1. When you check Pro264 against the structure, is it surrounded by fewer than 20 Cβ atoms within 10 Å (Cβ to Cβ), more than 30 Å from Ala173 (Cα to Cα) and at pLDDT below 80, yes or no?
2. Tell me which residues, restricted to the stretch 401-423, are surrounded by 15 or more Cβ atoms within 10 Å (Cβ to Cβ) and within 30 Å of Gln375 (Cα to Cα).
3. Quick one: count up the residues across the stretch 273-299 that are modelled with pLDDT of 80 or more and of a type in the set (A, V, I, L, M).
4. Select, from Gly216, Gly202, Gly124, the only residue that is more than 23 Å from the chain's Cα centre (by Cα), under 24 Å from Ala75 (Cβ atoms) and not acidic (Asp, Glu).
5. Any residue at all in the stretch 89-112 that's within 30 Å of Ala55 (Cβ to Cβ) and part of a strand (DSSP E or B)?
6. Restrict the check to the stretch 391-401 and report whether at least one residue is under 30 Å from Asp444 (Cβ atoms), assigned to a loop (DSSP other than H, G, I, E, B), of a type outside the set (Lys, Arg) and touching a strand residue (DSSP E or B) at 6+ places or on another chain (Cβ under 9 Å).
7. I need the full set of residues from the stretch 109-126 which are surrounded by 18 or more Cβ atoms within 10 Å (Cβ to Cβ) and within 30 Å of Asp200 (Cα to Cα), in order please.
8. Can you find a residue that is on the phi > 0 side of the Ramachandran plot and buried (at least 21 other Cβ atoms within 10 Å of the Cβ) anywhere in the stretch 429-439?
Amino acid sequence: MSHRSRLTLTAFALVAAGAFAPMAQASGFQLREQSASSEGNAFAGVSAGGASISAMFFNPAGMTLYSGTQLDFGATLIAPSAKMSDASGTRTSALSAFPAYGPISGPTSYSNSAESKVAPSLYGMYSVSNDLKLGLSINAPFGFVTEYDSNFVGRYHALKTDLQIIDVSPSLAYRINKEWSVGVAFVARHADATLTSAVDFGLIGFPSTIPGTIDGASKLKGSVWAYGYKAGVTYQPTDDLRLGLAYHAAMNMNLKGDISFSYPGTLPAPAVGGFQAEGFRNGGGQAELNLPADTSFGFDYKVSSTFSLQGEACLTTWSRFKELNVQLTGNTAPPDVITNVVTEEHWRDTWFYSLGGTWKANQAWTLRAGLAFDQGAVTDNYRTPRIPDGDRTWVSIGASYAVSKTFSVDIGYSHLFVTDSKINLTTTASQTDPNFTRGNLTGDFKLSANILAVGARFTF
């Protein structure tokens, strides 16, 4: 393999490493915000049936708690803040002989790379009988958006990350007897991802060019449908205590898409042609994204006729995301470049715990509050600018107002205190190191989020 072709392979590793890499207010890039009523008590007890039919997202068996035909519409504004400071980017020591060796230029702080988004939800339930329920839900269970300016010091690691995932889930629940109910849901999931990053063509083209003098960009777009299931049970041993257990199956998504490259307008046509000849031309790619399974347990205990306590625990198997295996297709890579790139991720399983309370103030008003702790899935040595993940502590409040017997509105607010996190991405002198063309990147992140959920419920 030629010297330049080895660099081409390394550059494709650079692009592919972020190529469909996942990008949220639960651990990793998961969105727990699927219910305006349960937002108010930090989703405590939602696996035990929650406060509305929106609990079917977490445990389809919970539908047996509700009667008639119902609709639940919700929208959640997720406003995260990701402030980066003391960032430093340096090139690999293998470039020490070049004039541009040393610090990578660009701002060393960034006021907020995370974008606010609205996550919608829609639920419908039809009672075939008192014991048999049919449901349908539409949700956005995963997603994230971060974006940096083109001169960002970590631009070779990430510019824009935009992942949108939508679930459509028909479900069924059946009450076996007074104590036990079961439920199951089929999940049709669609993912759409767009990722961009800067490409150091000055580095890739050496020895005829100088690192950092010719910045271009890569853009990857991919989408896919995949299918899975979730199931759950509820158990009510007494009139005052209800328990719930649910499982959301893991899902493998084989994302397929296109890669495109852009070059500075000042770059002469022969130079552009040279880079394209080395494999930097538009083509295709695919990667398997291993999404985690969830196992959750919740309880709801009625302390008095007007007050109840709820609790929730959920294990998410993010350790399934051990590596990202990206295969380049079409004519993207020249014949002597390997077209299969593996990137290690080393994510870890996470736990979510919450405790909340619900107070029935009167016939119209119901008030809620809750606290939660949610572990981050990423460690310092594998955290990237795309996903500045960290441990979260939730503080939540909310209320429901019954306008009539058939119409209610819900509102919930959470503030997430996120532990400060660090980035410590390093590269070796080996040209096969995925970070060889990206360089080293260190920095500090201060993270937080505000979440506001509103919903409307109708009973027919």
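The values are calculated or read from the model by the stated rules, or taken from the named source; none is laboratory data. Source: prediction; values computed, not measured. Backbone-built Cβ (ideal geometry, glycine too); neighbour counts: all protein chains shown.
1. On the way: surrounded by fewer than 20 Cβ atoms within 10 Å (Cβ to Cβ): yes; more than 30 Å from Ala173 (Cα to Cα): yes; at pLDDT below 80: no.
No: the conditions fail for Pro264.
2. Filtering the stretch 401-423 down to residues surrounded by 15 or more Cβ atoms within 10 Å (Cβ to Cβ) leaves 402, 408-414, 416, 418, 421-423.
Within the stretch 401-423, Asp410, Ile411, Gly412, Tyr413, Ser414, Leu416, Val418, Ser421, Lys422, Ile423 meet the criteria.
3. The number of residues fulfilling the criteria is 2.
4. Working: Gly216 fails: under 24 Å from Ala75 (Cβ atoms); Gly202 fails: under 24 Å from Ala75 (Cβ atoms).
Every option except Gly124 fails the conditions.
5. Within the stretch 89-112, none of the residues are within 30 Å of Ala55 (Cβ to Cβ) and part of a strand (DSSP E or B).
6. yes
7. Tyr110, Ser113, Ala114
8. If we filter the stretch 429-439 for residues that are on the phi > 0 side of the Ramachandran plot, which is where we start, we get 439.
From what is left, the residues that are buried (at least 21 other Cβ atoms within 10 Å of the Cβ) are 439.
There is at least one residue in the stretch 429-439 that is on the phi > 0 side of the Ramachandran plot and buried (at least 21 other Cβ atoms within 10 Å of the Cβ).
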